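Note sheet for the following structure.
The values are calculated or read from the model by the stated rules, or taken from the named source; none is laboratory data. Just so it is clear, the structure is predicted and the values come from calculations on it, not from any experiment. Cβ placement follows ideal geometry from the backbone for every residue including glycine, while neighbour counts extend to all protein chains displayed.
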Amino acid sequence: MSDLLILPIFPLPDLTFFPHTFLPLHVFETRYRAMVTDALARDRRLAVVRLRPGYEARYDGKPEVFTVAGAGEIVNCERLASGRFNILVKGQWRVRIDAELPSDTLYRMVRARRLEDAPAGDAKPLITRIRASCKQLLEALDRPLDVLDGALGPDETAGAIADRVAAAFLPDPSVRQSLLETLDVGERLQRVAQALDDLANELKGP
């Protein structure tokens, strides 16, 4: 597969879409309903892009977006009687937007390139630390622990674990976007581990 991709983009405020995750979306705007219809008839691919702060004044046009985004494939789709959609997108790649393309569609199209992870060295200590922190947070929030068995299982790659933890546990949009842009898996794991520690300390309080 070529690293070059032509994709429709779905710009959303404060949302970062990571590879190795699934993103449910309710699609109601006319332009994005058209985007989903066309994507289903084409290759089912799209990119979910975070809007840059200050987008509100230009939301109906072409507000600025971050250049690094998550892209993937629509793996489930429910069309509602109203014409809206409930879709589930499987995250497959980090992409960097090279250029926005001229288009006669209601939605925006871009040319983007896939970004590859830079492998980590010995990631086991960090992954052990991350799993322990996730367990601690789930217990503090009285949430079931079985989420750790599959998403963070021993057969998962270090990059997948970092992405899934960032998507599931870290609420800060700026931190999430920064992690999406971090291609060095060792650095990404380190930053996720530190962010989890910070979150646990916040939950403990003074």
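Some points to look at:
- Listed by position, the strands (runs of 3 or more DSSP E) contained in region 1-116 that have at least 2 residues being more than 25 Å from residue 181 (Cα to Cα) and out of contact with any helix residue (DSSP H, G or I) (no Cβ under 7 Å at 6 or more places or on another chain) are 68-79.
- Taken over region 171-206, the criterion of being within 21 Å of residue 50 (Cα to Cα), part of a helix (DSSP H, G or I) and of a type outside the set (D, E, K, R) is satisfied by 173, 174, 175, 177, 178, 179, 180, 192, 195.
- Sub-7 Å Cβ pairs linking a first residue in region 104-133 that is over 30 Å from residue 30 (Cα atoms) and assigned by TED's automatic domain parsing to the domain that holds residue 180 to a second residue that is among the polar types (S, T, N, Q) and part of a strand (DSSP E or B), at least 6 apart or interchain, number zero.
- Odd one out for residue 111, checked against (1) in contact with a Lys or Arg (Cβ under 9 Å, 6 or more places away or on another chain); (2) at pLDDT 90 or above; (3) under 23 Å from residue 20 (Cα atoms): (1)
- For region 149-161, the count of residues that are of a type in the set (D, E, K, R), outside any loop (DSSP other than H, G, I, E, B) and modelled with pLDDT under 85 is nonzero.
- Residues being surrounded by fewer than 15 Cβ atoms within 10 Å (Cβ to Cβ) and hydroxyl-bearing (Ser, Thr, Tyr) - total across region 158-206: 1
- When restricted to residues that are of a type in the set (Phe, Trp, Tyr), under 13 Å from residue 88 (Cα atoms) and buried (at least 20 other Cβ atoms within 10 Å of the Cβ), region 14-73 contains 1.
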